[in-house]
1. When you look at Leu46, is it of a type in the set (A, V, I, L, M, F, W, C), under 30 Å from Ser90 (Cβ atoms), part of a helix (DSSP H, G or I) and open to solvent by 80 Å² or more (accessible area, probe 1.4 Å), yes or no?
2. Which numbered condition in (1) charged (D, E, K, R); (2) at pLDDT 90 or above; (3) surrounded by 11 or more Cβ atoms within 10 Å (Cβ to Cβ) is the only one that Glu102 fails?
3. Which of the residues spanning segment 32-55 are under 25 Å from Ala97 (Cα atoms) and either touching a Pro at 6+ places or on another chain (Cβ under 9 Å) or at pLDDT below 50 (or both)?
Amino acid sequence: MEGPGDTFSGLGSGVVAGGVAIDGKVLQTFQKSFVQVQNILDQNRLLINEINQNHESKIPDNLSRNVGLIRELNNNIKRVVDLYAHLSTSFGKSMDASSEGESSGALKSSDGKPATHKRTRPAA
């Protein structure tokens, strides 16, 4: 099973996804963001568990502590939204950049070299 840091392991520069070559730097950015999101979500799970335990205890100090925990949870959720917004923007820019390369008329293979189109003839 893969860990959170293994999402794109083994994928280097020039990976083709959906017919589009994706730069290794873009993949690294996505991986870093997804790992950050996963870490925040893991932290949120712990916060929610603590909030629930405090609520069930009905102890006044624990209930007061929940105010700060809920604020932290809300801030974490905002961070996740911001990370996804950044990912969306980065992905859009990378797709625009790759489509500009395609529209220049120079087709490239996944290794970045000009594509050659060879016909193969069936054996007689």
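The values are calculated or read from the model by the stated rules, or taken from the named source; none is laboratory data. Quantities reported herein were computed from a predicted structural model and do not represent experimental measurements. When we count neighbours, we look across all protein chains shown, and the Cβ atoms used for this are built from the backbone with ideal geometry, even at glycine. Calculation scope for accessible area: heavy atoms of the full protein, side chains included, ligands and nucleic acids excluded. Shrake-Rupley method; radii C 1.70, N 1.55, O 1.52, S 1.80 Å.
1. Details: of a type in the set (A, V, I, L, M, F, W, C): yes; under 30 Å from Ser90 (Cβ atoms): yes; part of a helix (DSSP H, G or I): yes; open to solvent by 80 Å² or more (accessible area, probe 1.4 Å): yes.
Yes: the conditions hold for Leu46.
2. Glu102 satisfies every listed condition except (2).
3. Answer for segment 32-55, where residues must be under 25 Å from Ala97 (Cα atoms) and either touching a Pro at 6+ places or on another chain (Cβ under 9 Å) or at pLDDT below 50 (or both): Phe34, Val35.
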